[in-house]
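Input: a single structure, listed below in structure tokens.
What follows draws every value from the coordinates through simple rules; no lab data is involved. Everything quoted here is computed from the prediction, not taken from an experiment. Note that each Cβ is placed from the backbone with ideal geometry, even for glycine, and that neighbours are counted across all protein chains shown.
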Amino acid sequence: MRIAICPGSFDPVTYGHLDIIERSSKLVDVLIVAVFCNPEKHPMFTMEERVDMLKQTTKNFSNVKIDCFGGLLNEYAKKKGCRLLIRGLRAFSDFEYEFQRALLLKQVDPELETAFFMTEGKYSFLSSTGVRELAYFGGDISKLVPPYVQQMIEKKNFCTKK
Ligand code: ADP
């Protein structure tokens with residue numbers, strides 16, 4: 001069985017993530033979208049909220065499973081019987097970071113491959129950070145995240161827009 005993992009923070013999930021998830025899930029038997037728990041970061045959404053938003057927004061993709069993990073990604077992948085990681089590339093600026101990360105992982109576990117999906121042009125500017133900033137200042141995020149995620153952001157009660 002071909003299992004792939006798409007790891008990330010997903011704080012929160014955007015249409016850019018969902019595009020990568022949908023396209024990559026068509027090429028494997030099971031795609032695990034794994035929310036990374038980084039205790040050093042202060043995310044806007046809790047782990048449970050991020051998992052919930054991913055579950056809600058991927059429920060039409062039958063072979064996509066949502067999970068969370070902490071610690072080393074290669075160890076998590078091994079535990080899941082997975083040898084393929086999926087990452088998205090938005091712009092040239094993503095490349096250097098992703099390149100280093102993939103090479104480092106390869107060093108740690110030569111069996112673990114990373115495949116990159118080029119973003120849809122219309123999502124090339126889209127990041128969770130951008131969504132959080134826009135929402136904070138009352139900008140329109142309706143074209144950037146699904147309605148469920150938008151509601152969750154609004155519930156955080158810092159949206160200044162009425
Ligand atoms: P970010 O906080 O930058 O959105 P994440 O850690 O949540 O990043 O991202 C998980 C994966 O999704 C990464 O591989 C990232 O490059 C990818 N990704 C994020 N946004 C997009 C987008 N708009 N288009 C394509 N890939 C994306």
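Details
- Ranking Val51, Pro147, Gly130 by Cα position along the charge dipole of the chain, where only Lys, Arg, Asp and Glu carry charges on their C-beta atoms, puts Pro147 farthest toward the positive end.
- Sparsely packed loop sites in segment 68-162 (the chymotrypsin sites (Phe, Trp or Tyr not before Pro) outside DSSP H, G, I, E and B with at most 15 other Cβ atoms within 10 Å) comprise Phe125, Phe137, Phe158.
- Förster radius 22 Å - calculated FRET efficiency between Gln107 and Val30 (Cβ-Cβ, nearest 0.05): 0.25
- Each eigenvalue of the Cα gyration tensor of segment 44-83, multiplied by 5 and square-rooted, gives one semi-axis; in descending order these are 21, 16, 5 Å.
- Couplings 3J(HN,Hα) of segment 102-115, computed from phi: 5, 5, 5, 5, 5, 5, 6, 9, x, 7, 8, 9, 10, 10 Hz, in residue order, whole Hz [Karplus 6.51 cos²θ - 1.76 cosθ + 1.60, θ = phi - 60°; x for Gly and Pro].
- Among Pro39, Tyr76, Ser62 - extreme Cα towards positive end, dipole of the chain, charges at beta-carbon: Ser62
- Residue exposure sequence - Thr57, Thr14 - by fewest surrounding Cβ within 10 Å: Thr14, Thr57
- Each of Glu111, Glu133, Glu49 was scored by other Cβ atoms within 10 Å of its Cβ. Arranged with the fewest first, they read Glu111, Glu133, Glu49.
- Of the residues Pro110, Gln100, Thr14, the one whose Cα sits farthest toward the positive end of the charge dipole of the chain, with +1 on the Cβ of Lys and Arg and -1 on the Cβ of Asp and Glu, is Thr14.
- Value of relative contact order over the chain, rounded to a whole percent, pairs C-alpha under 8 Å and six or more apart: 28
- Choice from Lys26, Lys143, Lys41 with maximal GNM fluctuation in the chain (Cα, 10 Å cutoff): Lys41
- For the chain, projected area of the alpha-carbon convex hull averaged over all directions, nm²: 9.4
- Simple point charges give the picture: +1 on the Cβ of Lys and Arg, -1 on the Cβ of Asp and Glu, and for segment 52-162 a dipole about the Cα centre of about 420 debye.
- Residues Cys37, Cys6 arranged by fewest to most Cβ contacts within 10 Å: Cys37, Cys6
- Between segment 2-29 and segment 91-115, the alpha-carbon center distance in angstrom: 17
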